[in-house]
Amino acid sequence: MGMRKVAVIGAGMTKFVRRAQETPKELSWEAARMALESCELTMDDIQGVCMGTAPDAFDGVHIKSEYLSDGSGAWRKPYMRSYVGGGTGVFAPIQGWYHVASGLFDVVLVVCEEKMSSYYPHAQAAFLTIFDHTTERPLKPNLLWIFAIEMNRYMTTYGLEKKDIARVAVQHKRNAANHPCALLGEADITVEDVLNSETLAWPVQRFDVSPVSDGAVAIVLAAEHVAKRLTSKPVWIEGVGWHLDTAYWTNRDLAYPRYVEYAARQAYEMAGIKEPRKEIHIAEPYDPFDYKALHHLEGLQLADRGKAIELYLNGTAAPDGNMPVCPSGGLLGVGNPIAAAGLMKIAELFWQLRGEAGKRQVSGSPKTGVAQAWGDLMQVGTVVVMGR
Amino acid sequence: MNERVAIVGVGWSGFRPRTPEVSYKELIHEAAVRAYADAGVDPRADVESFITVAEDFIEGTSIFDEYTPDQLGGALKPMHTITGDGLHGLATAYMLIRTGYCDVVAVEGHSKASNILTLPNIVAYAQDPVLNRPLRLNTHFVAGMEMHRFLYETDTTQEQCAAVVVKNRRNALKNPLASYGADLGLEDVLFGPPLAWPLGVRETAEHTDGAVVMVLASEKKADLLAEKPIWVRGIGWCNDSPSLESREWGTVPYLQQAAEMAYQQAGIRDPWNEIDFVEIDDTYAYKELQAMEALGLCGAGQAGALVEAGATELDGELPVNASGGSLGVGTMLEATGLMRTLEAVLQLRGEAGQHQLEDVEVGLVQSWRGVPTTSGAVAVLSN
């Protein structure tokens, strides 16, 4: 039995900034309105709303979805929030996909919002409460050193060097210089700048990490018959995948994200992709840390284990390369308002595949792209394959 | 696309006001094992996707979805969390199966309210942080205001609200899962301790601990897995204004819209005559009456008289909350919608025991997420 085809027909994005003056509701609406205007729809045309946003602790609001509902346009509409931690930004479009593919909805709005600056003095503290209350919280683990452990493991397993991994941060931050919404775009950044930045938890240095940010992104999804009526350039959601691994992360192989591999295989199978390295033309892997982009490219089967760095060293990952990686600038360059950053990757593929990415437009008019996010305790992979 | 979706397995653990001997993971595991045995499925081999409904602040853990897979058998499988009521989770499973991509999906909801020392404070944190929270409104006080407005707009009486409590807690005496069964008179409720006038303590549901897991399947799998599949005929959900100052107070239009969505899918035009029993929100007694009207079971202001006349008793024309509802069973936080769905499934299978209703074919389940939300969901089920 064939599945209903679902297309992205519009996208909108606020600036990603360190401290937004807008409330979370206002950020949501700003992105939602831009997405609606981009496909010339109004809220009257929207039948349901899907929300993505990360921990309630950031805003200190219980049932945050309810608080955000009117800002995201859900007044008197079917509305739900899905949640897979950091993977939420790429899960929310999957949620939108099943809303439409189920046949219950023809047009839905997907909004992802994050405001991390409300958490004073620093949003990192919210993450102290994500760990197991009995076995881990007494150790007072900090996210940065958890990732330092993982980065170290990745480097040690494959014999990688910091000066090579820094190339990822350089590439993404340079790409972001062309993004009008970017927080940390820098056209002239060099490997030395990254290597000389402050050490946070060895081997993680300041420029290896994406910044805490505020922002929102929204997209409009439509069923095939509606999409074809509304736009001459629909971008189809061709495959979706999501996998959540066990909570016992300390038993996990930290050098390789198996959960991303499973999610990717799920999405590729739905999209009919057999040779991802040939069939994927553009990739937006999740890059909250520079090594993470490499980790995820390997999980996405776009590089052999330990070899993803070669895509950067030989120019494949550059905007004019054979498979541009994070042409948006990624989380490292544009910013990391958690859920919004994931949906930003979907919006980027939408713009790139339509040829509307402006100064960031990659060469070679790509036809198929993949976006991916990751989250929880190094635990969840969410993957969407899009094509025109 | 799969047009038809059925509930093919149910499992539960609890329900008791306190469960100090088990963790939430153990509660969930017990419910899951029962649900998988009931459906005859192996979660590792047969269940394609898993859904949990939960809220971070209730669990005391940020990004709670991290801790959802293991006890359900969902590790390294497609699994996600919905921060909604159990009926939102059920709707999600329903959509996933309808896409044609999944054939078997499990949904889980749980309540460990007894672990929470400061539940009223947590719930108060759901109010708008800028416009409402500075007023320091107690949750039950907001419900009391809504009740007052509902009574005023519909000429419903306090006696009619009390009759809901008497009925539901009496029904609960026949339900082994219910913790709050009691044989009360109207006066016991009317002259019981006040909470937030006109709302009384006895008109307010207490919490209970427990977990509910359900297995849903597409038509082609359902016929293989279940002797008595219970079909999800329609499901709807809707939100209204989150701020207290910009919403209706006497009526609940979001619930009306959610019901319309479910009725349209189920092809129901005359709910009172086409539906055989309902399990609906009674977190506060007046909510049952308000919901009956929003669901189109009767006109505005008529629900109270129907309850007084006995039309919603176990042997009435349309039994309402035969299980005892939240007033009799207890409320179960996010799992409340699944608790009501469980009752509907058991009734439709003819497995409800002492409080089994006769000749029931179509049941309706509804839930609301509590103060200050305007979030309602409705499901229509049939055997």
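The numbers here are math on the coordinates, done by the rules we state, and not lab data. Being a predicted model, the structure only gives us computed values, none of them experimental. Glycine gets a Cβ as well: all are built from the backbone with ideal geometry, and neighbour counts include every protein chain shown.
Annotations for the structure displayed:
- All alpha carbon pair distances within segment A:135-229 were sorted into 10 Å bins beginning at 0; the resulting P(r) in whole percents reads 13, 33, 26, 16, 10, 2.
- Equivalent ellipsoid semi-axes - Cα gyration tensor, segment B:227-383, angstrom: 23, 16, 16
- Between A:Gly239 and A:Val385, the built amide H atoms are under 5 Å apart, and every one of these is 5 or more places off in sequence or on another chain.
- For segment B:1-112: Kirkwood Rh in Å [reciprocal of mean 1/r, alpha carbons]: 14.3 Å
- Cα-projected label distance for A:Thr134 with A:Glu356, points at 7 Å along beta-carbon direction, nm: 5.2 nm
- In a simple Cβ point-charge model (Lys, Arg +1; Asp, Glu -1; nothing else charged), the protein assembly as shown has a dipole of about 2220 debye relative to its Cα centre.
- If you look at the Cα atoms of segment B:259-330, you get an Rg and a Dmax of 11.8, 32 Å.
- Equivalent ellipsoid dimensions for segment B:156-243 as semi-axes, Å, which come from the Cα gyration tensor, largest first: 36, 19, 13
- Average projected area [Cα convex hull, segment A:10-76], square nanometres: 4.8 nm²
- The dipole here belongs to segment A:190-332: it is taken about the Cα centre, uses +1 on the Cβ of Lys and Arg and -1 on the Cβ of Asp and Glu, and is about 520 debye.
- One quarter of the surface of the convex hull around the alpha-carbon atoms of the protein assembly as shown equals 29.3 nm², the direction-averaged projected area.
- Candidates per trypsin sites (Lys or Arg not before Pro) in segment B:80-146, loop by DSSP, up to 14 other Cβ within 10 Å: B:Arg136
- Extension reserve of the B:Asn121-B:Glu153 stretch, reckoned as 0.36 nm per residue once the Cα distance is removed: 8.5 nm
- Within 10 Å of the Cβ of each residue in B:86-96, the mean number of Cβ atoms contributed by other protein chains is 3.
- Of all DSSP beta bridges in chain A, antiparallel share, percent nearest 5: 75 percent
- Taking every residue in B:66-77 and counting other chain Cβ atoms within 10 Å of its Cβ, the average works out to 6.
- Quotient of Cα Rg and 2.2 N^0.38 Å for segment B:159-208, N being how many residues it contains: 1.10
- log₁₀ of I(q)/I(0) at q = 0.16, 0.23, 0.29 Å⁻¹ - segment A:131-173, Debye sum with one point per alpha carbon: -0.58, -0.82, -0.99
- For B:Ile97, net neighbour charge (Lys/Arg +1, Asp/Glu -1) across residues whose Cβ lies under 13 Å away: 0
- Unit charges on C-beta of K, R, D, E only; dipole of segment B:166-263, Debye: 360 debye
- Highest average first, the peptides A:207-217, B:6-16 ordered by how many other beta carbon atoms sit within 10 Å of their residues are A:207-217, B:6-16.
- Directionally averaged shadow of segment A:33-129, computed from the convex hull of its alpha-carbon atoms, nm²: 6.6 nm²
- In segment A:26-112, GluC sites (Glu not before Pro) in a DSSP loop with at most 11 other beta-carbon atoms within 10 Å: A:Glu40
- Radius of gyration over Kirkwood radius for chain A, both on Cα atoms: the Rg/Rh ratio is 0.94.
- The local environment of A:Ser117, defined by Cβ-Cβ distances under 9 Å, has a net charge of +2 under the rule Lys, Arg +1 and Asp, Glu -1.
- Here the extension length gained between A:Arg305 and A:Arg33 equals 93.8 nm, from 0.36 nm per residue of separation less the Cα-Cα distance.
- Length released on extending from B:Ser23 to B:Glu313, taking residue separation times 0.36 nm less the Cα-Cα span: 100.8 nm
- Two-site FRET efficiency, A:Lys274 against A:Ser363, from Cβ-Cβ distance with R₀ of 25 Å, rounded to 0.05: 0.50
- Cα-Cα over 24 Å, subset of A:Lys228/B:Lys221; B:Lys25/B:Lys77; A:Lys25/B:Lys25; A:Lys173/A:Lys345; A:Lys233/A:Lys359: A:Lys228/B:Lys221; A:Lys25/B:Lys25
- Per-residue ellipticity at 222 nm from helix content only, as computed over chain A with -39500 (n - 2.57) for each DSSP H run of at least four residues, stands at -10000 deg cm²/dmol.
- For segment B:42-189, radius of gyration divided by Kirkwood radius, i.e. Rg to Rh on alpha-carbons: 1.06
- Listed residues A:Phe58, B:Phe150, A:His296: farthest to the positive end of the dipole of the protein assembly as shown (Cβ charges): A:His296
- Burial order of peptide ranges A:276-286, B:338-348 (average beta-carbon count within 10 Å, highest first): B:338-348, A:276-286
- DSSP beta bridges confined to chain B are antiparallel in about 75 percent of cases.
- Integer Hz, Karplus 6.51/-1.76/1.60 couplings in order for segment B:221-226, x for Gly and Pro: 7, 4, 5, 7, 8, 10
- For chain B, the mean residue ellipticity at 222 nm estimated from helices alone is -10000 deg cm²/dmol, where every DSSP H run of n ≥ 4 contributes -39500 (n - 2.57) and the total is divided by all residues, rounded to the nearest 500.
- Set of segment B:67-109 residues, backbone N closer than 15 Å to the point 7 Å along the Cα-Cβ line of A:Thr250: none
- Distance cut-off 40 Å, percentage of C-alpha pairs in chain B lying past it: 8 percent
- Cα lying deepest toward the dipole's positive end in the protein assembly as shown, options B:Ser49, B:Val164, A:Pro234, charges on Cβ: A:Pro234
- Figure legend: label point modelled 7 angstrom from the Cα of A:Asp193 along Cα→Cβ; residues of segment A:1-24 with amide N under 19 Å from it are A:16-18.
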